[in-house]
Every structure is written in C-alpha cells, then in structure tokens.
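Accompanying notes for the structure given below.
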Amino acid sequence: MNGLMMQQPLLISSLLTHAERHHGDREIVSRRVEGDLHRQTYRELAARSRRMANAMAMLGVGFGDRVATLAWNGHRHMELYYAVSGSGAVLHTLNPRLHADQVVWIADHAEDQVLCFDLTFLPLVEAIAPRVKTIKAFVAMTDRAHMPATSSVPGLLCYEDLLDTSSPAFTWPLFDEHTASSLCYTSGTTGNPKGALYSHRSTLLHTFAAALPDSLNCSARDTILPVVPMFHVNAWGLPYVACMVGAKLVFPGPFLDGKSLHDLFEAEGVTVSAGVPTVWQGLLGHVEANDLSFSTMRRTIIGGSACPPAMMRAFQERHDVQVLHAWGMTEMSPLGTACTFKARHDTMDAEGRFAVQAKQGRAVFGVDMKIVGDDGQALPHDGKASGELMVRGPWIIQDYFRSEGGSPLVPDDDGRGWFPTGDVSTIDADGFMQITDRSKDVIKSGGEWIGSIDLENIAMAHPDVAMAACIAAPHPKWDERPLLVVVKKPGAALTRNELLAFYEGRIAKWWTPDDVVFVDAIPLGATGKMQKNRLREQFAAHKLPTA
Ligand code: AMP
C-alpha cells in the first residue's frame, strides 16, 4: 500500500550508528584486566567495531555463526556485541564462572566457531581448548604487549593485532529483523543448561522499553555503570540502552569489590548502576565501614534476586540513593517488571511507599503477565491470591535454542502460549507483582504457601546474619515446614533460639521457621544465586523438632 512508513528492519547496528552520529564524543570508560583505565568515545567504538566485523569475516565467521566470549564488562566486549551481531552472526556470551566441563558442553551445544576471551580466563581456555569440538579460532582480548609468552591454546590470536590488520571500511548489512543476534544459556540448576536465543527485533524492542522513564529510566545525561555482567543476559540490556540514549558508560572489568566500585563511581560521576544484591552488600559494607558517601549516584537497579528490604533502606535512608527493584529472566531478555511509583503513590507516607518498592514492580509495556492456580485458571489481581506467574511478549522465548526440552509454553484459549516463569507471585490491583516464592522452591505447609523469601529477608535484617536461605524440610504432620540455613557474620554468637525469637511480631506465627541450622557457607550458582536445590538435598534427612 502507498503512503506508509519506511520499511526499515530493527537491527542492533542501528543503535551503534545512532550513538556514533548523535553522541559521537560521549565516553566509554573501562577498567581493564591489564590494570589500566581505558577511555574511548562512541565514535571510536563504532570505528573499532567495523574493523572487528571485518576481522570476524577474515576468520571465516559467516551469517548466523556463533562467536563466543568469556569476558568481563569492558569496551572490547562491547565492540564484539556490535561487530558480531551487527554483521549477522550470533554473539554467544559464555559464563566464565561455570566449571570447565559445563563450558565445553555449552560451547559444543552452541557450535561456537570462534572464542574471544579476557586474559583472566586463559587457564580456563587452556583447559577447554583441546576438548571443544567446533571452535576454530581463539582470540585473546588484549594487545601484543600483554600476550602470554607461552600458551597451550592452538594458534592463539591477539585482538588488537586483528583490529590493526583489518580494513576500517565496513557497511553494516541490512537483513531480516527476526535474524538471531545473541545467545545466552540459563544457569540450569536442574537438567542441562538451555539457550535463550535473542533476535535483532526482540533486542531493539527490549531496548526501547528498558530505557523508558518507568523502566530503567536512562538518558543522555546519565553515566551508567553496569555491574551485572555482560555474560548474564547482556548486562540486562544496558550496553544497548546506553547507545540508544547516548549515556556515558563505565565498565568495571574484573574489579567488583566494594572499594573498586566506589572509587569508580566517584571518579567517573556515575549516576546509575545495576546489579544483584550480593554485589551491593560488598559496596555498602565498604561505604559504611569507611564513612563514605555517594556524591553523584542517584539510582541503583537491583534485580536477579529479591532485594532485601534492609538493603533498600540502607541505600535510600542512609545514602540518598534510590533503589529501583526490577525483575526478569534470561528467557525474557531479561526485563519483565520495574518497580516505579504511580501518581497516586505521591501522597502515600514513607512506609507505604517503601512497602510498594519492596515489590518486584509493574509490567513494562510489551510484557503481559498473569498468575494461575494449580488448576491453570487465572487468579485475581488483588495482592492476596498467589499463583504461578506466566508471561508473554515479543522479547520472551518461544522455545529454547535447538528446541531443547520441547516447547516450554502453556497454551491459552486464544491459541497463543504463555511462558511459565517458575516464580510464584501476587499481582495487586495497581498491577504490582510481588514474588512470594518459586514453584521449584516452594514451602507448602498444610496445603498453604509459606514465602521463603520473606523469611530470608527477616533473617537478613538481623545484625548477626551474613546470609540466609529458607528451604522446605519434610514434616510428618504438615508435609513441609520451613528450615532456615544461616551463615553468621564473623565472630557473631547468635543462637537458634535468639534468631527464632527475632521473627516474633514480624510474621504470622505459623510462618516462623521450625528450625535453624548454622553453616559455614551456602552453595552459590555461577551467577551468585543460592542453590537451594543443593541445600534441600543436603538437609533432606534433617529432623525438625515436632513439639
Ligand atoms: P535468571 O534467568 O538467572 O536471570 O533468573 C531469573 C530468575 O531470578 C527469576 O525467575 C526469579 O526467580 C529470579 N529473580 C530475578 N529478579 C528477581 C527479583 N527482583 N526478585 C526475586 N527474584 C528475582
């Protein structure tokens, strides 16, 4: 039909072209593995990405081929984001915290052709190189001066040499926006890891939605420091958002301790950061122990696990840093909800607003949500009924890469499917979703749900508790009852009875954990999440007191 808009596919390369043309002198600052602080502009990022696209073609990477990375957050990783996806290949961000056996399994499953890696991961690459089946070229993401003198990796290439010897002339190709752009495997606490394959269209739509004021709220005036790794769901999409809005970017590389992060926040004028609660614990610990403050940081995006309310209070009340609680999944690119206020919350008192913020938030446009009971029927959005959270939308997977595990979708009467999140939640009348548990992790006592996350949050608010996990333990009468597994802070003399007394008045009496066990460490998965399935195995025979 005549008189319509231009036919232009939504491609990742358009983000880079925009940043180069309209925010060309905005900076990308990277703390690098080599120990230096590197600075470049978006103009330089674009030029280097074009050269890298030529280099990849030289290495034989074709349309749709997978190029893997084992890398921290840094400018070279960002160049690969654009060089690989922009030229029509697929960027596969491998998780370097996985065991070598798992990395081999995933690289083989993805049929990766090239592997680019930060020097930190040379020992891991040396361990996997003789075993991986499809990788033809290994590229160390460094310059000639820092190349390892010797290495068992066959034909090891140098990233900066590749750039120097590649032509600067490259035109980003136009192709179907449904083409695959990047690949990320889920942490896989059960069964084999599964790949979520993103497309150019899904990534662009996700980027528009993520940048919105009621989502991650990023603008050209922001300086964004993503602590969330670029190997975990594309650092929640921030490397794309930054190009779209023209924000300054600051990458911390491998230096994620509280002091390094705080120094970088202050030196570079960071206004927004993003990461999982574990990381913020280190940062807050450092800031409070040294009586420091945040002079430019205004907002921190916390997700990946529930943000403990005690942490939210610490940021907001003691440091004047607003917490944005967000929820999502690898399968959702990842953004599903963000917890920003509606107009009617303006007149609410501080405690009321605080209670709203502790929720995971409202659906961003593009994500549709519902909760269902055991019978699959939709439950009311009344803030009380809790059921499995189901989602659908243009940046949510239809099935896993190579159809692993079959279709995960649950069909609806309208013929379309819903993706079951495995999270159990309520949704209130304002649309705020709050996770109460996970279906793979639930505690069901006498047929009623007990929210393990609430119980953990209370334990975490106790000054002697460093980490707490609440799991279901078998009980002869109630089927299951909550068991609290706790790591004490160094030197703390906390007892079981003292901790249980701490629950009084803070929660319904029947929700109080039946027992507490103190451990030296709680097993964490590759992305820093507590592996409750392992704890459940460990304490499967634990005898709860029955009195
Ligand atoms: P992943 O795919 O590794 O990012 O994990 C996604 C899962 O992490 C979700 O299904 C939730 O169970 C959990 N998750 C993510 N964000 C939050 C949050 N803000 N609060 C509680 N759980 C979360």
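The values are calculated or read from the model by the stated rules, or taken from the named source; none is laboratory data. Just so we're clear, the structure is a prediction, and the values are computed from it rather than from any experiment. Glycine gets a Cβ as well: all are built from the backbone with ideal geometry, and neighbour counts include every protein chain shown.
The single residue among A461, A526, A541, A508 that is hydrophobic (A, V, I, L, M, F, W, C), within 29 Å of the chain's Cα centre (by Cα) and surrounded by fewer than 17 Cβ atoms within 10 Å (Cβ to Cβ) turns out to be A461.
Say whether the condition of being among the aromatic types (F, W, Y) and closer than 30 Å to R39 by Cα is met by at least one residue in the stretch 203-211. Looking through the stretch 203-211, at least one residue is among the aromatic types (F, W, Y) and closer than 30 Å to R39 by Cα. Of the helices (runs of 4 or more DSSP H) contained entirely in the stretch 91-186, those carrying at least 2 residues that are in contact with a strand residue (DSSP E or B) (Cβ under 8 Å, 6 or more places away or on another chain) and among the aliphatic types (A, V, I, L, M) fall at 100-110, 122-128. All conditions in (1) within 16 Å of the ligand (Cβ to nearest atom); (2) touching a helix residue (DSSP H, G or I) at 6+ places or on another chain (Cβ under 9 Å); (3) among the aromatic types (F, W, Y) hold for F365, with the sole exception of (1).
Among the residues of the stretch 277-298, those that are buried (at least 19 other Cβ atoms within 10 Å of the Cβ) and closer than 27 Å to R26 by Cβ comprise V279, W280, L283, F294, M297. Being at pLDDT below 95 and of a type in the set (A, V, I, L, M, F, W, C) holds for only one residue in L115, L98, L91, and it is L98.
The number of residues in the stretch 208-221 that are closer than 12 Å to A274 by Cβ and surrounded by fewer than 21 Cβ atoms within 10 Å (Cβ to Cβ) comes to 1.
Of the residues that sit in the stretch 350-366 and are modelled with pLDDT of 95 or more and assigned to a loop (DSSP other than H, G, I, E, B), which one is nearest to P408 (Cα to Cα)? Out of the qualifying residues, it is G366.
When you look at T190, is it assigned by TED's automatic domain parsing to the domain that holds D112 and either at pLDDT below 95 or within 15 Å of the ligand (Cβ to nearest atom) (or both), yes or no? Answer is yes for this residue.
Residues in the stretch 231-273 that are closer than 13 Å to P334 by Cβ and touching a helix residue (DSSP H, G or I) at 6+ places or on another chain (Cβ under 6 Å): V233, G237, Y240, V241.
Residues considered: D464, D520, D454, D479. Of these, the only one that is under 25 Å from Q538 (Cβ atoms), among the acidic types (D, E) and within 16 Å of the ligand (Cβ to nearest atom) is D454.
Considering the stretch 49-93, the residues that are out of contact with any helix residue (DSSP H, G or I) (no Cβ under 9 Å at 6 or more places or on another chain) and either closer than 15 Å to V139 by Cα or among the hydrophobic types (A, V, I, L, M, F, W, C) (or both) include one that is surrounded by the most Cβ atoms within 10 Å (Cβ to Cβ), namely A57. Exactly one residue out of D414, D399 is under 20 Å from G195 (Cβ atoms), among the acidic types (D, E) and assigned to a loop (DSSP other than H, G, I, E, B): that is D399.
Surrounded by fewer than 24 Cβ atoms within 10 Å (Cβ to Cβ), under 22 Å from R26 (Cα atoms), modelled with pLDDT of 95 or more and of a type outside the set (G, A, S) - does that describe any residue in the stretch 300-311? No: zero hits. Across the stretch 468-488, the qualifying residues are those that are modelled with pLDDT of 95 or more and over 16 Å from G451 (Cα atoms), and the one among them that is surrounded by the fewest Cβ atoms within 10 Å (Cβ to Cβ) is V487. S407 meets each of the listed conditions (1) within 16 Å of the ligand (Cβ to nearest atom); (2) under 30 Å from S182 (Cα atoms); (3) not in a strand (DSSP E or B) apart from (1).
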